[in-house]
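Report on one structure; see the data block that follows.
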Amino acid sequence: MRQVPGSAARFFLPALVLAVLAVVAPGVWGEDVGSFRFAYKHAAGDRYRILSTVHEEGYVNRKLSLRSEILNRIAVEVVEARGGTGRHRAVFQTAERALRTEPAVRSDGYAEGQSYQWEREYESEFQRDARGYITIDRRFYMPVVRNVPVFPDRDIKVGDSWSAEGHEMHDFRDSFGISEPYRIPFTANYTFLGEQEWKGRPYPAFSVSYRIFSEPNPVAGRIWPRRILGASDQRVFWDFALGQAVAYTETFRMIFELSDGRTVEYCGTAEAEIVESPRMDKEQAVRDINRDIADLGIADASARIVDEGITISLENVQFQAESAVLLPEERAKLAKISEILRRYPNRDILVGGHTALAGTEAGRMQLSQDRAASVAEYLIAGKVRGPERMVVRGYGAEKPLGDNRTEAGRRRNRRVEITILEN
């Protein structure tokens, strides 16, 4: 769990990129040569996937409390477009890993802590008009940064600046016990920068900067912010041919002076980009994988179609007693599974751990997560995927395949599942 109260919300700030999935209206050029007219345009059925990475440090009373990387995956679909306004449905997933000066080495020789641990998933639905203003129900936490960017109703030349009101909506349920999204207003300042490079390619770009100083009224919760100070400086890279932002970078800093007397600060950098993958032919993929499992002689394994992609279930995975250290024969099985996974190099992977119904709920959850992480570290060490392409999640005994009252059922439930994600 995170150690810095208040940081849980800032981890999702790269959702800003969702707000810049704008399409330039017909007639991108303004009336004057060298000027541009920006406006949002939506088409029903448009789909986007956004991947963002945050490097963050957290401080409590000016003492370093954590250093971490946060991986956010955002999938968005325009479900309706009418009169210049698009209605969007989106899913936000986040995963995290703590950073160490030197990686710890486990008893089985593999580096520990390389994989990202799944944290939380949010669903959201909102509308956005032609200029960029968002209409969204109060119950949704995502996107965090709203009404950014907002384009002016005029032509824009390189060097032109404009301002518009925006706000952040934070999830302080875990940190402060505040039950509803917490609103922090600001004024965003924009400047059209002209051509800038992103990963070696030139794109039109604009900057977005805002400062926060707020002394809000108390709200119901265990703790509440008495004073909030913040700064965000971003650069958004645009592709006129695609009609949307392709990436953004950011530096940020947020300081909370809390009602219990503590001062919490977190700061860092973030970047995000749109990542496209062709749709997976799940039916063909599951046939191919099950054939490969049979040809390679992988026991207690099978593949099936799930909403997220294709899941390979490894039942009755054997570890050293009461530990997450794989037995040698299981590493041999994973070596064969690695051959299959390498045939789908453009797909991210979710490794899920499952247990039988034994012990406490908390113990089952921790053990399932540790064992999933053990499998993930093996795959990372074998260069099947880099750590940024793999997420670990523990389910405990929440999703049984068999009857926990029988030994055969418990064998099925003690499993690790590797999902090749649709992305």
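For this structure, a couple of remarks:
- Reach of Lys336 by Cα under 30 Å, taken over lysines that are not fewer than 8 positions away in the same chain: Lys282, Lys383, Lys399
- Evaluated over the stretch 291-423, the Cα radius of gyration and Dmax, each in Å: 13.8, 40
- Basic side chains Lys and Arg get +1 at the Cβ, acidic Asp and Glu get -1 at the Cβ, and with that the dipole of the stretch 213-262 about its Cα centre reaches some 220 debye.
- Size descriptor for the stretch 154-237, Kirkwood hydrodynamic radius: 15.1 Å (Cα pairs only, one decimal).
- Counted over the chain with a bin width of 10 Å, the fraction of Cα pairs per bin, in whole percents, is 4, 20, 27, 24, 17, 7, 1, 0.
- For the stretch 128-167, taking the reciprocal of the average inverse distance between every pair of different Cα atoms yields a Kirkwood hydrodynamic radius of 11.6 Å.
- Each principal axis of the Cα cloud of the stretch 370-423 was evaluated for its coordinate range; sorted largest first, these ranges are 39, 22, 14 Å.
- Protection proxy ranking of 413-419, 55-61, 353-359, by the mean of other Cβ atoms within 10 Å over each peptide's residues and highest first, is 413-419, 353-359, 55-61.
- Rough spin-label spacing in nm, given labels placed 7 Å along Cα→Cβ, for Glu322 and Asp160: 6.9
- Based on alpha carbons, the Rg and Dmax found for the stretch 148-299 are 22.4, 65 Å.
- In a simple Cβ point-charge model (Lys, Arg +1; Asp, Glu -1; nothing else charged), the stretch 236-387 has a dipole of about 460 debye relative to its Cα centre.
Read the figures in this text as sums done on the coordinates, not as results from a lab. What you see is a predicted model; the values in this text were computed from it and never measured. In this analysis, Cβ positions are derived from the backbone assuming ideal geometry, glycine residues included, and neighbour counts consider all displayed protein chains.
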